[in-house]
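Report on one structure; see the data block that follows.
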Amino acid sequence: MFRSPGIRILCGITVVVIAVFVLLGSGRSSDIDRVSAEGSLPSTEVKREAGQLVDPSTTTTLHSPSTSSPAQGLDETESEELPAESGSGKRMVMSISQQRVWWVDEAGAAIRTALVSGRANTPQTGTFQVYSKTENATGLDGSKMDYFVRFTKGPQGWAIGFHNIPRINGVPVQTEEQLGQTMSHGCIRQAQDDAVFTWSFLDIGSTVVVLA
């Protein structure tokens, strides 16, 4: 087609240059696709409530806790009253929105109430039965917790229950003054005296009612 050797050489160089640019562009596209795919993968790193791995089949939620926020806009007198339609007979009642629990005797009278620290929108509402208790538990991070009373499980099958405030190296992860705020990974943290009372009040098979 091209009789001049110079033109043929120039055309050949042009073809080589174009080919190099095509290859480089393809390489960049592959790198971008790979990074995007990696970025879209869900993280496998999870946080566990202290002490939840004592029994792998009955451990708590794996999701990170929501930002701590105290219950707001509540009338103190109303918030301490046992909510209506909270079941019957001896039971323990928890209000997620109020971050408060009530201990109710066989006659249906609330004999005690206290603030707790759970997680927003956790656990699911409903009526549950206690299925496991561990007096002293240790988490993967070495944190300690006591009087762990399990009554339900989270979406991934990890147990949720009542216990005292976990400790790491002997230091509580929150203060009792902070109870009433959503600060846990899913379980319901209680003041020490309340955790001891719950441990004695609830037996295997006892009823726990969770309200929104």
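The values are calculated or read from the model by the stated rules, or taken from the named source; none is laboratory data. Just so you know, these numbers come straight off a predicted model, no measurement behind them. Cβ sites come from the backbone with ideal geometry, for glycine too, and all protein chains shown count toward neighbours.
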Looking at the stretch 80-138, which of the residues that are assigned to a strand (DSSP E or B), without any contact (Cβ under 8 Å) to a residue 24 or more places away in the chain and not β-branched (Val, Ile, Thr) is farthest from Gly157 (Cα to Cα)? Trp102
Suppose we filter the stretch 186-205 for residues that are of a type in the set (Gly, Ala, Ser) and surrounded by fewer than 18 Cβ atoms within 10 Å (Cβ to Cβ); how many remain? 2
Checking the conditions here, which among Ile168, Ile188, Ile204 is under 18 Å from Gln99 (Cα atoms) and among the β-branched types (Val, Ile, Thr)? Ile188
Which one is modelled with the lowest pLDDT among residues in the stretch 180-204 that are part of a loop (DSSP other than H, G, I, E, B) and of a type in the set (S, T, N, Q)? Ser184
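Modelled with pLDDT under 95 and more than 13 Å from Leu211 (Cβ to Cβ): does that describe Gly139? Walk me through it before giving the result.
Numbers: modelled with pLDDT under 95: yes; more than 13 Å from Leu211 (Cβ to Cβ): yes.
When the stated conditions are applied, Gly139 passes them.
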